[in-house]
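Before any comments, here is the structure.
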Amino acid sequence: MKTAVHFEKVSRHFGDVKAVDSVDLTIGEGEFFAMLGPSGSGKTTCLRLIAGFDQPTFGDVSIFGESTNGIPPYRRNVNTVFQDYALFPHLSVADNVAYGLMIRKVAKQERRRVADEALEQVQLAGYGARKPSQLSGGQRQRVALARALVNKPRVLLLDEPLGALDLKLREEMQEELKNLQRTLGITFVFVTHDQGEALSMADRVAVFNEGRIMQVGTPQDVYHRPNSEFVANFVGSSNVLPSELVNELTGKSVPASLRPEAVKIVDEGGFEAEIVDISFLGAATRLSLKIDGMRLHALVDGTKAALEFRQKVRVDWDAEDLHLMYDNNG
Amino acid sequence: MAESPAITAPRDGVLGTVSDVLYRRPTLLLLLLLTPPLLWLGIIYLGSLFALLAQSFFSIDEFSGVIQYRLTLKTYGELLAPANLDIIVRTTLMAGSVTVAAAIVAFPIAYYAARYARGKWKALFYLGVMLPLWSSYLVKVYAWKLILAKEGILNWVFENLHLTWLLDAYLSIPVIGGNSLSVSYSGTFLVFLYVWLPFMVLPMQAALERVPVSYLEASADLGASPLQTFSKVLFPLAMPGVIAGSIFTFSLTLGDYIIPQIVGSSRLFIGQAVYSHQGTAGNIPLAAAFAVVPVIIMGFYLWMAKRQGAFDAL
């Protein structure tokens, strides 16, 4: 696999703040890559470094092997879908989509043809004459996508592309984006703070915290085998068992992560716990348990026997579900 | 613990009752608030405008100098006499060039203020732009006369730089030149530009402030060079501000009668014509007809701007 984007010891400082702190990262061609992290973790800055809206303080970002140092955004064959979509309000939908072509002085007729085609691709055929303000949020998003894609970028950057949409639309767009990426084969790099989105869409995920990458891997990797407390907590809000407890259980003095869905309610054995919070989620029921002053989250089958607030239960888990985090640096 | 009541007792007195009534009937409140200013605008302002318009359809008897209150277009015929037409063309050209120059000078200032200035720099910007508005208009105009006069500071600077020949060459250009800057159209233009500039900067800055950075980034992202981004995105989006500013600079220049009187050649502008016709000449109908001209020009200007799509970004 060819390398599409490569970060070599990249830092971006804003005064004393290290927004991006010595990041090394390789994104392969045709990959659907997610940058996941809380706000202020540096993921958006990394995206902006690829787009060229920002320049690294140290290090180099290269795109398909070419250094981008000092190269302005308009010379990079990379396009962005902005978080606020950034559709030009004074232009029609078709003119928005054809903007990149107009800049490259493509003939008017050809421009219209390509724009219509692109609008069709995102299921907005016939919307070309409208103004962006006449579209719904979901439709604007599709226009932004079409506007980026008509330029046939080598890499498509998506900044929290689904953040402003409601849940149902978001799920629809997730599927559509994935399909689109598969058909086009373009490298997609998208930034999100929603771990569910990252896990469900991406081929690989980089988890950011405080300007650094904590872990890079497949969704399965970061979900089942987090390398740090931060990743365990941030991706799927895992339980983190302190090293003393893990030492008692396994004889190894390292912290361990335990997925809420791995915690089971048993009739005997295991540990005694008290339910201190209970929320019904539909497919499952989420429990907050108190064991010896420690909090443990559990996700149990919602259809099982009725559980009640303040009820005493016994809980247990399989030994292999306990993931030891040897290289914990969080 | 005593429970607080779910609904509190009505407030005492007339004020309490009035608040309750107005809360239930917000349109009544709106009506009460709007009536005085609407009366003011409707009767005093629009009324006098129509009175003016009506005056322009009367005429003056050339021999007796008495106004004849009979509807006629004779005064408008007079307005189109070559000497008067000259005044109109001169004023419109001046207003147009002042507006264009103000837009060019104001843009970088407004752009800087909207995009980069924060905190105390922004305060400094507002102060810098507004400060000239705090002092008397006459003081500023006379100050400029001193700057531009033959014995003024500008001449002195040119002299010391041994560039008097350059100034002389400029002043020898017909129309825009003259005996000295203070008695030339260039001088009038400079003073107009200075005095009206804040009225261009502020609306422009407000318009630019509403353009999110992401639009400019999106444009660059789609391959546009900074110049292309300016002409295809930034300028069209700033257009409502430019138009708003130009309404000020254009109409203020069209109506002003003091600046060309103090700094400039002795040739008349519309404002001066109105002033002299309604004053010493006592020709109120012609003065009124002159005063109608800027109204018509502004109406035409706005109509053109709308047709050109200047308000599309609103």
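The values are calculated or read from the model by the stated rules, or taken from the named source; none is laboratory data. Predicted model, so just to flag it, every value in this text is computed and none were measured. When we count neighbours, we look across all protein chains shown, and the Cβ atoms used for this are built from the backbone with ideal geometry, even at glycine. Protein only, heavy atoms only, side chains kept; ligands, DNA and RNA dropped before computing areas. Shrake-Rupley method; radii C 1.70, N 1.55, O 1.52, S 1.80 Å.
Looking for something more than 9 Å from every other protein chain (Cβ to nearest Cβ), over 30 Å from residue B:261 (Cα atoms) and polar (S, T, N, Q) - is there at least one such residue anywhere in region B:182-199? No, region B:182-199 contains no residue that is more than 9 Å from every other protein chain (Cβ to nearest Cβ), over 30 Å from residue B:261 (Cα atoms) and polar (S, T, N, Q). Working only within region A:21-47, note down all residues that are open to solvent by 20 Å² or more (accessible area, probe 1.4 Å), in a strand (DSSP E or B) and either among the small types (Gly, Ala, Ser) or free of Cβ contacts under 8 Å to residues at least 60 places away in the same chain (or both). Within region A:21-47, A:22, A:26 qualify. Evaluated against (1) loosely packed, with under 11 Cβ neighbours inside 10 Å; (2) at pLDDT below 90; (3) more than 30 Å from residue B:208 (Cα to Cα), residue B:131 falls short on exactly one condition, (3).
Results for (1) open to solvent by less than 20 Å² (accessible area, probe 1.4 Å); (2) out of contact with any Asp or Glu (no Cβ under 7 Å at 6 or more places or on another chain); (3) not aromatic (Phe, Trp, Tyr), shown as yes or no for each residue.
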residue: B:242; (1), (2), (3): yes, yes, yes
residue: B:245; (1), (2), (3): yes, yes, yes
residue: B:248; (1), (2), (3): no, yes, no
residue: B:258; (1), (2), (3): no, yes, yes
residue: B:263; (1), (2), (3): yes, yes, yes
residue: B:281; (1), (2), (3): no, yes, yes
residue: B:292; (1), (2), (3): yes, yes, yes
residue: B:301; (1), (2), (3): no, yes, no
residue: B:308; (1), (2), (3): no, yes, yes
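Given the criteria farther than 23 Å from residue B:148 by Cα, within 14 Å of chain A (Cβ to nearest Cβ) and not polar (S, T, N, Q), does residue B:244 qualify? Considered against the rule, which asks whether it is farther than 23 Å from residue B:148 by Cα, within 14 Å of chain A (Cβ to nearest Cβ) and not polar (S, T, N, Q), residue B:244 comes out as no. Considering region A:63-80, and only residues there that are in a loop (DSSP other than H, G, I, E, B) and more than 16 Å from residue B:223 (Cα to Cα), the residue that is nearest to the chain's Cα centre (by Cα) turns out to be A:64.
Condition test on residue B:60, is it surrounded by 15 or more Cβ atoms within 10 Å (Cβ to Cβ), of a type in the set (A, V, I, L, M, F, W, C) and at negative phi? Against the criterion (surrounded by 15 or more Cβ atoms within 10 Å (Cβ to Cβ), of a type in the set (A, V, I, L, M, F, W, C) and at negative phi), residue B:60 qualifies. Surrounded by 10 or more Cβ atoms within 10 Å (Cβ to Cβ) and modelled with pLDDT under 85: is that true of residue B:65 in this structure? Against the criterion (surrounded by 10 or more Cβ atoms within 10 Å (Cβ to Cβ) and modelled with pLDDT under 85), residue B:65 qualifies.
Of the residues making up region B:204-238, those that are under 29 Å from the mean Cα position of the chain (by Cα) and facing another protein chain (nearest Cβ under 8 Å) are B:212, B:232, B:233, B:236, B:237. Every condition in (1) modelled with pLDDT of 95 or more; (2) more than 10 Å from chain B (Cβ to nearest Cβ) holds for residue A:100 except the one numbered (2). Taking the listed residues A:105, A:9, A:18, the one that is open to solvent by 50 Å² or more (accessible area, probe 1.4 Å), outside any loop (DSSP other than H, G, I, E, B) and on the phi > 0 side of the Ramachandran plot is A:9, with no other qualifying. Residue-level check: of (1) touching a residue at least 40 places away in the same chain (Cβ under 8 Å); (2) farther than 15 Å from residue A:238 by Cβ, residue A:262 misses just (2). Does residue A:222 count as among the β-branched types (Val, Ile, Thr) and within 28 Å of residue A:64 (Cβ to Cβ)? Yes; evaluated as a whole, the condition is true for this residue. The residue that is farthest from residue B:284 (Cα to Cα), among those in region B:55-105 that are touching a strand residue (DSSP E or B) at 6+ places or on another chain (Cβ under 6 Å) and among the β-branched types (Val, Ile, Thr), is B:72.
Of the residues contained in region A:120-135, none is found to be more than 10 Å from every other protein chain (Cβ to nearest Cβ), more than 25 Å from residue B:237 (Cα to Cα) and among the basic types (Lys, Arg). Any idea which residue in region B:68-101 is farthest from residue B:249 (Cα to Cα), counting only those that are charged (D, E, K, R) and at pLDDT 90 or above? The qualifying residue farthest from residue B:249 (Cα to Cα) is B:86. The numbered conditions (1) within 33 Å of the chain's Cα centre (by Cα); (2) surrounded by 13 or more Cβ atoms within 10 Å (Cβ to Cβ); (3) farther than 22 Å from residue A:232 by Cα are all true for residue A:314 except (1). Screening the candidates B:105, B:14, B:18 for the property of being open to solvent by 70 Å² or more (accessible area, probe 1.4 Å), out of contact with any Phe, Trp or Tyr (no Cβ under 6 Å at 6 or more places or on another chain) and among the β-branched types (Val, Ile, Thr) yields one hit, B:14.
Taken over region A:196-205, residues that are farther than 13 Å from residue A:174 by Cα and within 8 Å of the chain's Cα centre (by Cα) amount to 1. The residue that is nearest to the other protein chains (Cβ to nearest Cβ), among those in region A:48-82 that are surrounded by fewer than 17 Cβ atoms within 10 Å (Cβ to Cβ) and among the β-branched types (Val, Ile, Thr), is A:71.
Here the strands (runs of 3 or more DSSP E) wholly within region A:121-211 that include at least 2 residues being under 25 Å from residue A:53 (Cβ atoms) and open to solvent by 10 Å² or more (accessible area, probe 1.4 Å) are A:204-209. Where helices (runs of 4 or more DSSP H) fall entirely within region B:2-62, those with at least 2 residues that are farther than 30 Å from residue B:75 by Cα are at B:13-24, B:26-39.
Hey, could you check region A:86-97 for residues that are part of a loop (DSSP other than H, G, I, E, B) and open to solvent by 20 Å² or more (accessible area, probe 1.4 Å) and say which is nearest to the other protein chains (Cβ to nearest Cβ)? Only one residue fits best here, namely A:90. Only a single item in (1) of a type outside the set (Ser, Thr, Tyr); (2) part of a helix (DSSP H, G or I); (3) touching a helix residue (DSSP H, G or I) at 6+ places or on another chain (Cβ under 9 Å); (4) farther than 25 Å from residue B:270 by Cα is not met by residue B:117, and it is number (2). Taken over region B:91-116, residues that are aromatic (Phe, Trp, Tyr) and free of Cβ contacts under 8 Å to residues at least 12 places away in the same chain amount to 1.
Kindly evaluate residue A:100 against the criterion of being surrounded by fewer than 15 Cβ atoms within 10 Å (Cβ to Cβ), more than 26 Å from the chain's Cα centre (by Cα) and under 30 Å from residue A:10 (Cα atoms).
Taking the combined requirement at face value, the residue does not satisfy it.
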